[in-house]
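Report on the following structure.
The values are calculated or read from the model by the stated rules, or taken from the named source; none is laboratory data. Keep in mind it's a predicted model, so treat the numbers as computed, not measured. All Cβ positions, even for glycine, are placed from backbone atoms using ideal geometry, and neighbour counts span all protein chains on display.
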Amino acid sequence: MPRGMELRLLSGSANPGLAAAIADYLGIRLVEMELDKFSDGEIKVIVNESVRGADCFVIQSTCCPANDSLMELLIMIDALMRASADRITAVIPYFGYARQDRKTRGREPITAKLVANLLTTAKASRILTIDLHAGQIQGFFDLPVDHLSSVPLIADYFLARQLKDVVAISPDHGGILRTRQLAERLRVPIGIIDKRRPAPNVSDVMNIIGDVQGKTVVMVDDLIDTAGTVTQAAVALMNRGAVEVYAACTHPVLSGPALDRLQASPINETVVTDTIPLREDPSRSRVRVLSVAPLLGEAILRIHQDLSVSKLFS
C-alpha cells in the first residue's frame, strides 16, 4: 500500500446498498459511523473508529433528498479531515446539482460550480464520480477528478441480449458523445432526437435524425428524471416505424410521475444503474438495474494503489 496508508471505506445514508456491495467487492468492511439528526434537522455525524493516516473513501450520491445528502457528505468529509485522515476521496456515484452547469439567461446560478467549491472547501482530496451531466464540470474542481462511464456496462448488457437491427439514439444533442460511445461498442449506427425544452422538466420532440424504420432502438442518456423526454421520444420513434424501443441511463432519478410514465409507455425495458437507489419495485415499470459496484470498487482499489484508472475505460 502506498505510504503505508490503510484503505478505509465509509458510507453516507444516500445509498447504503451500493456502499455495501463495493465493500464486498473489495473484501473489506465499512467503517462504523453514526448518522443522525438533531431535533431541528441539523445533521449529526460521528466516526466511531480511528482513521488517522488512512486513505478514506466516502460513498455518497447527492440524490433525493438532495440537500440532506450533500450536507451529510460535506460533514463526513469535515469529520475525517479533523480526525487526521491522510487522504479523503469523495465517491459521488450521482453528482447532483449538475444540470445547472452554465448560465443560459440572466441571473441564473451555476450550481455545479458551487457544489465543486463546497467540496474543495470541505477539504476533499479528490473526486470519483460516474457520468457527470456535462463532462466540463471536471474543470470546476481545483483537485483531481476521476470521471467514470457506465457505457461499457450498458453496452455489455445489450450485447448479451443479442438484439437485431439496432440503432443507438441520443434523446438530445448534448448526449451525442455518449450515444456514439455506445454505438461503437454495439457496432450499430446512431441517430438523434432534435427537441426543444420550453421549461425545466418539459420537452417537446421536434424531429428524429436517422433511420429507425424497422429498427430496434436503444436510447441512452445520463439520467432520467420525470421520464417525460424518454417516453415522448419512444412514442415518436414508434410512430416513425421503430419495431422496439429500449431506454438506458446511468442515474435513475425517477421523480414524480416517472415510473407511471414508463409503465404506460411503449418502452420494452429501461436499463439503469444503482448510482441512485430506486424507491419502488423496478419490475412494475419494466426497469432493469445494473450494479456499478465492481466499477467503483476497481476504481477505488486503483486510486489507493496509485494505478491507472483509465484502464477501466477499455
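Scanning the range 235-246 for residues that are polar (S, T, N, Q) and either in contact with a helix residue (DSSP H, G or I) (Cβ under 8 Å, 6 or more places away or on another chain) or closer than 30 Å to Met5 by Cβ (or both) turns up nothing. Is it the case, given these coordinates, that Pro171 is in contact (Cβ under 8 Å) with a residue 40 or more places away in the chain, surrounded by 14 or more Cβ atoms within 10 Å (Cβ to Cβ), farther than 27 Å from Asp306 by Cα and not β-branched (Val, Ile, Thr)? In short, yes. Note on the range 93-202: enclosed strands (runs of 3 or more DSSP E) holding 3 or more residues that are within 16 Å of Thr216 (Cα to Cα) are 166-170, 190-199. With respect to Ile75, is the statement that it is under 26 Å from Gln305 (Cβ atoms), β-branched (Val, Ile, Thr), out of contact with any His (no Cβ under 6 Å at 6 or more places or on another chain) and outside any loop (DSSP other than H, G, I, E, B) true? For Ile75, the condition - under 26 Å from Gln305 (Cβ atoms), β-branched (Val, Ile, Thr), out of contact with any His (no Cβ under 6 Å at 6 or more places or on another chain) and outside any loop (DSSP other than H, G, I, E, B) - is not met. Summed over the range 12-44, the residues that are buried (at least 20 other Cβ atoms within 10 Å of the Cβ) and among the β-branched types (Val, Ile, Thr) give a count of 2. The number of residues in the range 232-249 that are within 18 Å of Gly174 (Cα to Cα) and either among the charged types (D, E, K, R) or surrounded by fewer than 24 Cβ atoms within 10 Å (Cβ to Cβ) (or both) comes to 1. Restricting attention to the range 94-142, the residues that are of a type in the set (Gly, Ala, Ser) and crowded, with 20+ Cβ neighbours inside 10 Å total 5.
Checked against the criterion of being assigned to a loop (DSSP other than H, G, I, E, B), out of contact with any strand residue (DSSP E or B) (no Cβ under 9 Å at 6 or more places or on another chain) and of a type in the set (Asp, Glu), the candidates Asp24, Asp40 yield just one match: Asp40.
Within the range 209-225, being in a strand (DSSP E or B) and in contact (Cβ under 8 Å) with a residue 40 or more places away in the chain holds for Thr216, Val217, Val218, Met219, Val220, Asp221, Asp222, Leu223, Ile224. Among residues of the range 1-21 being farther than 20 Å from Ser291 by Cβ and either assigned to a loop (DSSP other than H, G, I, E, B) or basic (Lys, Arg) (or both), the one that is modelled with the lowest pLDDT is Met1. Within the option set Thr62, Thr89, being closer than 17 Å to Ser125 by Cα, under 23 Å from the mean Cα position of the chain (by Cα) and buried (at least 18 other Cβ atoms within 10 Å of the Cβ) holds for one residue only, Thr89. Are any of the residues in the range 217-228 farther than 26 Å from Asp101 by Cα and either crowded, with 22+ Cβ neighbours inside 10 Å or modelled with pLDDT under 95 (or both)? Yes, the range 217-228 contains at least one residue that is farther than 26 Å from Asp101 by Cα and either crowded, with 22+ Cβ neighbours inside 10 Å or modelled with pLDDT under 95 (or both). Arg126 satisfies every condition listed in (1) of a type in the set (D, E, K, R); (2) touching a helix residue (DSSP H, G or I) at 6+ places or on another chain (Cβ under 8 Å); (3) within 27 Å of Ala168 (Cβ to Cβ) except (3). Among residues that are at pLDDT 95 or above and surrounded by fewer than 24 Cβ atoms within 10 Å (Cβ to Cβ), Gln213 is included. Those helices (runs of 4 or more DSSP H) of the range 226-314 in which 1 or more residues are among the basic types (Lys, Arg) and in contact (Cβ under 8 Å) with a residue 60 or more places away in the chain are absent. One residue stands out in the range 282-314 among those that are of a type in the set (Ser, Thr, Tyr) and modelled with pLDDT under 95: the one that is surrounded by the most Cβ atoms within 10 Å (Cβ to Cβ), namely Ser285.
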